[in-house]
Each structure stands twice: as C-alpha cells, then as structure tokens.
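The values are calculated or read from the model by the stated rules, or taken from the named source; none is laboratory data. This structure is a prediction, so every number in the text was calculated from the model and none was measured. Every residue, glycine as well, gets a Cβ built from its backbone with ideal geometry; the counts of neighbours run over all protein chains shown.
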Amino acid sequence: MNLLLIKLIKYGTVGLSGMACDFGVTYFLKEKQKINKYIANSVGFILAASLNYTLNKYWTFGTSRQSVPFEFGLFLLIALTGLLLNNMILLLLKEKWNVNFYLSKLIAIGIVFIWNFSMNYYFTFTGG
C-alpha cells in the first residue's frame, strides 16, 4: 500500500507540472491568440499529456519496458479518452450550468486525474 501511495503522490506531482503546462498553453491560446476555447483546451491537454508520459515513465513508475511506442500509444489513448471526458465535463459545467470556464477546467482535471492514474497504473506502467 505504501508503494501505491508513493506512486500516487509522484503521479500527482507530475500532474501539477502537467496542469501548469495545460493551463499555460490553454490560457495563451484562448486569451492571447483568441483560439476557440475547446481547441485551446485540447492542445494544452495533449502537450501536458506528452510531458506527463515522460516524467511518469522515468520518475513515477520507473518502467523499463522496451516498447516505448506501444507504451506511449497506450498512454496517449488513455489521455485522449481523458481529453474526451475533460471536454464533456467542461461542456456540461460551462455551457449547461454556467460555471466559470477555469473552475470547470479545474474540476475536469481532478476527475480525469483519477481516470488517468487508475488506467496507467493498471495497464500502461504495469511493469513499474
């Protein structure tokens, strides 16, 4: 149980760096470049997912799996499913319930964090 807790804390720490990347890119694209909020959100999310893969592979889970393309593909598939969940939550909270966009995004990140950790722990980095 302690090992799982340590991995969860590391995953959360990596997630914070990803969240900073995600919010920074989203803010820049949405507010400064005037790109559609869902496109900006998607770009931020995908860039953060790529950063998170690398940090989680080597620091959180310390896997030595040789098939990096397969592993990254699985990680990205989980992240893209998380992106779909993220955008659906944003749509529900912002458009249906009129919750502030960035508060909605923060809530979506929290929910998707649980999804991503669970799926990556059990499937992507099982050798870790």
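General observations
- Test: Leu85 is surrounded by fewer than 16 Cβ atoms within 10 Å (Cβ to Cβ), modelled with pLDDT of 90 or more and within 23 Å of Tyr121 (Cα to Cα): yes
- With respect to the stated conditions, Lys37 fails to be at pLDDT 95 or above, of a type in the set (D, E, K, R) and surrounded by 13 or more Cβ atoms within 10 Å (Cβ to Cβ).
Residue-by-condition table, conditions (1) within 19 Å of Thr126 (Cα to Cα); (2) among the acidic types (Asp, Glu); (3) out of contact with any Asp or Glu (no Cβ under 9 Å at 6 or more places or on another chain):
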site: Ile6; (1), (2), (3): yes, no, yes
site: Ile9; (1), (2), (3): yes, no, yes
site: Ser17; (1), (2), (3): no, no, yes
site: Gly44; (1), (2), (3): no, no, no
site: Ala48; (1), (2), (3): no, no, no
site: Trp59; (1), (2), (3): yes, no, yes
site: Val68; (1), (2), (3): yes, no, yes
site: Lys94; (1), (2), (3): no, no, yes
site: Lys105; (1), (2), (3): no, no, no
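- Members of the range 89-99 found to be at pLDDT 95 or above and loosely packed, with under 13 Cβ neighbours inside 10 Å, listed by number: Trp97, Asn98
- Of the criteria (1) modelled with pLDDT of 90 or more; (2) in contact with a Ser or Thr (Cβ under 7 Å, 6 or more places away or on another chain); (3) closer than 23 Å to Lys7 by Cβ; (4) not polar (S, T, N, Q), which one Gly44 fails: (3)
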